[in-house]
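*Asks:* Pasting in a structure now, in structure tokens, and then I'll have a few things to ask.
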């Protein structure tokens, strides 16, 4: 299973992970990206993510296909939130299974880095002082 989705609903990590259960996998690795309270020295109150859904999901699927081709993994899934998120909410989740931990770690890192740099998702930070700034999601 290789699946990338956008969601305007809270991410249930256990639900996303349960679909990756596989008796032939010896490694299961996840990454969770949460909304944090500070960025570049500023107090963050909330985030908003916007995306171009058709292109975002197509590019996300391409990234998962690349991970499948490059690493010895059995499955990978990724979901990224869109809309308004509050502090502490899960913004992005990646899960990978493999026979061994090395490829699972490598693939998980590859997927999150590629999603952040290539998928057309834009982030607006809402600061505690009432101001906002659009931030390119690359490296966020």
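Derivation of every value follows stated rules applied to the coordinates shown; laboratory data play no part. Computed from a predicted model, the values in this text were never measured in an experiment. Glycine also receives a Cβ, built like all others from the backbone with ideal geometry; neighbour counts cover every protein chain displayed.
*Asks:* Shape verdict for the stretch 87-140, please, from the Cα gyration tensor: rounded (a/c under 1.5), prolate (a/b greater than b/c) or oblate.
*Replies:* Prolate shape, in that a/c is at least 1.5 and a/b is the bigger ratio.
*Asks:* Continuing with this model, one more query. Sorted by average packing, counted as other Cβ atoms within 10 angstrom per residue and highest first, what order do 32-39, 101-108, 64-71, 19-26 take?
*Replies:* Working: 32-39: 14.0, 101-108: 18.9, 64-71: 16.2, 19-26: 12.2.
Ranking, from highest mean packing down: 101-108, 64-71, 32-39, 19-26.
*Asks:* Find how many whole Å separate the alpha carbon centroid of the stretch 67-140 from the alpha carbon centroid of the stretch 1-53.
*Replies:* About 6 Å separates the Cα centre of the stretch 1-53 from the one of the stretch 67-140.
*Asks:* Pairing the Cα long axis of helix 53-70 with the longest principal axis of the chain, what angle in degrees results, from 0 to 90 and rounded to the nearest 10?
*Replies:* Taking Cα atoms only, the helix is inclined about 40 degrees.
*Asks:* Rounded, prolate or oblate: pick one for the stretch 3-52, where a ≥ b ≥ c are the square roots of the eigenvalues of its C-alpha gyration tensor, a/c under 1.5 means rounded, and failing that, prolate if a/b is larger than b/c, else oblate.
*Replies:* It comes out prolate by the Cα gyration axes.
*Asks:* Please give the helix 101-118 orientation as an angle from the longest Cα principal axis of the chain, in degrees from 0 to 90, rounded to the nearest 10.
*Replies:* It is inclined by approximately 40 degrees.
*Asks:* Counting each DSSP H run of 4 or more residues in the chain as -39500 (n - 2.57), what helix-only mean residue ellipticity at 222 nm follows after dividing by all residues, to the nearest 500 deg cm²/dmol? Before the final figure, lay out the partial values.
*Replies:* Details: 3 runs with 42 residues, N = 140.
So the calculated ellipticity at 222 nm is -9500 deg cm²/dmol.
*Asks:* Using mean Cβ contacts within 10 Å as the protection proxy, how do 72-81, 111-120, 4-13 order, highest first?
*Replies:* Details: 72-81: 22.6, 111-120: 18.5, 4-13: 14.9.
Put in order of decreasing packing, that is 72-81, 111-120, 4-13.
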